[in-house]
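Colleague: Structure in structure tokens, see below.
The values are calculated or read from the model by the stated rules, or taken from the named source; none is laboratory data. What you see is a predicted model; the values in this text were computed from it and never measured. Reconstructed Cβ throughout: ideal geometry from the backbone, glycine too, with neighbour counts over all protein chains shown.
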Amino acid sequence: MVLMGLRSWCPRVLAFVLLAAGSSACGPETAEREVGADVSSMSPSDISPDGTVSVSGLTIKDYEKGSLPSYPYEGVDPRLWGYAYDLHVASCMVDRGRVAPPVQEFDWNAPEAETLSGGWGRPRTVDEARQYGYHAAPSELRDFVMAAEAFLASQGEAYHEDFEDCRRRVMEDPVFERAGQAMKYMPQASGFEENPALKEAMAAWRECMAPLGIPDLPEDRPGPAPSVMERFGLGGADNARYADLSTLTEEEVEIAVHEAQCTENSGYDRLAYGLTWEADDSYLADHAPEFAAVLEEIREQEQTLKDYINAHRSVVD
């Protein structure tokens, strides 16, 4: 997954985003989706506690991890797909007498292999805001991407020509023509804007943020105001400054901590997550057979990727 250097992404489609520039949408276009469950009249007491198992038995509700009942059906594990993709490119480059580009390895048998969170991206905590402000927290994946970018930048034009051709050839391989195609998305739940508890939480957040005097606070859900991000040079989704903690200032930390505290105190995000969990689990219960069929395809495609990895991992040993 070395190829685009994106610093913000949707967890499930990370490998695919890094494959194709501009292909950054999380799932089908909204206009093509059917409307999901209506949560407008749902109350906090209707929400299952963390630790609840989804109707499929595949997901445990956990706000910190962002797990949702829909996640197992959204495609193959991107870490598997990315590893296989990197190996294909590396093998192609070695066959041309080139040094293999960096490969992001993934051991699916390791105990920590199940820790990939997905579905719901929670906002930063107060502690995270104290450490990083609005900047991105360090991560192994981000370090790998930056190192890969540095490696590619150090190579000559001929290397880049071969590299781009090897990338193109990946999708000509029958393994990759099919692997990663199986997926099924839950329809977007509706009624969030009308939900009384969410409206109350949003009002509480804006009231908490009022002392900062920020003129363009979001009105739909808590989050950084555009003017704040621009002030600290963090505007734009793919901004290199996100990862550069040397640009972090005391003012940024102060505002980020205040916002994180307001978000936590309002309870908005945890409530929205709970409503989404209930909507997804309800839809899953009503459409179990079709989701089960997709899951079987996903498992088959993941095994195909594992077989490919096992047959080609020696290229970088």
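Colleague: Please go through the range 132-161 and pick out each residue that is within 17 Å of the chain's Cα centre (by Cα) and either farther than 24 Å from G236 by Cβ or part of a helix (DSSP H, G or I) (or both).
Modeller: Just the residues of the range 132-161 that are within 17 Å of the chain's Cα centre (by Cα), to begin with: 135-145.
Hits for the range 132-161 are E140, L141, R142, D143, F144, V145.
Colleague: May I ask you to say which residue of V315, V294, V253 is among the β-branched types (V, I, T) and either loosely packed, with under 13 Cβ neighbours inside 10 Å or under 16 Å from Y134 (Cβ atoms) (or both)? If you could, list the steps in order and put the result at the bottom.
Modeller: Details: V315 fails: either loosely packed, with under 13 Cβ neighbours inside 10 Å or under 16 Å from Y134 (Cβ atoms) (or both); V294 fails: either loosely packed, with under 13 Cβ neighbours inside 10 Å or under 16 Å from Y134 (Cβ atoms) (or both).
Of the residues listed, the single one that is among the β-branched types (V, I, T) and either loosely packed, with under 13 Cβ neighbours inside 10 Å or under 16 Å from Y134 (Cβ atoms) (or both) is V253.
Colleague: Further question on the same structure: Need pairs with beta-carbon distance below 9 Å; first residue closer than 22 Å to E105 by Cβ and at pLDDT below 95 and within the range 140-165, second basic (K, R) and not in a helix (DSSP H, G or I); sequence gap 6+ or separate chains.
Modeller: Taking only residues 6 or more apart or on different chains, the pairs are R142/R7; V145/R7; M146/R7.
Colleague: Check whether at least one residue in the range 300-314 is among the aliphatic types (A, V, I, L, M), in a helix (DSSP H, G or I) and more than 24 Å from the chain's Cα centre (by Cα), and report yes or no. Reasoning before the result, please.
Modeller: So in the range 300-314, the residues among the aliphatic types (A, V, I, L, M) come out as 305, 309, 311.
Next, only the ones that are in a helix (DSSP H, G or I) stay: 305, 309, 311.
Next, from what is left, pick out any that are more than 24 Å from the chain's Cα centre (by Cα): 311.
The answer is yes, given that some residue of the range 300-314 is among the aliphatic types (A, V, I, L, M), in a helix (DSSP H, G or I) and more than 24 Å from the chain's Cα centre (by Cα).
Colleague: Then there's this: Right, L87: over 30 Å from E194 (Cα atoms), aliphatic (A, V, I, L, M) and modelled with pLDDT under 95 or not?
Modeller: no
Colleague: If you go through the range 39-51, how many residues are assigned to a loop (DSSP other than H, G, I, E, B) and without any contact (Cβ under 8 Å) to a residue 12 or more places away in the chain? Don't jump to the end; show me each part of the working.
Modeller: Initial filter on the range 39-51 (assigned to a loop (DSSP other than H, G, I, E, B)): 39-43, 47-51.
In the following step, the residues that additionally are without any contact (Cβ under 8 Å) to a residue 12 or more places away in the chain were identified as 51.
Within the range 39-51, residues that are assigned to a loop (DSSP other than H, G, I, E, B) and without any contact (Cβ under 8 Å) to a residue 12 or more places away in the chain number 1.
Colleague: Could you tell me whether any residue of the range 60-78 is farther than 25 Å from A293 by Cβ and hydroxyl-bearing (S, T, Y)?
Modeller: Checked the range 60-78: at least one residue is farther than 25 Å from A293 by Cβ and hydroxyl-bearing (S, T, Y).
Colleague: Follow-up question, since we're still on this one. Looking at the range 166-192, which of the residues that are in contact with a Lys or Arg (Cβ under 9 Å, 6 or more places away or on another chain) and outside any loop (DSSP other than H, G, I, E, B) is surrounded by the most Cβ atoms within 10 Å (Cβ to Cβ)?
Modeller: C166
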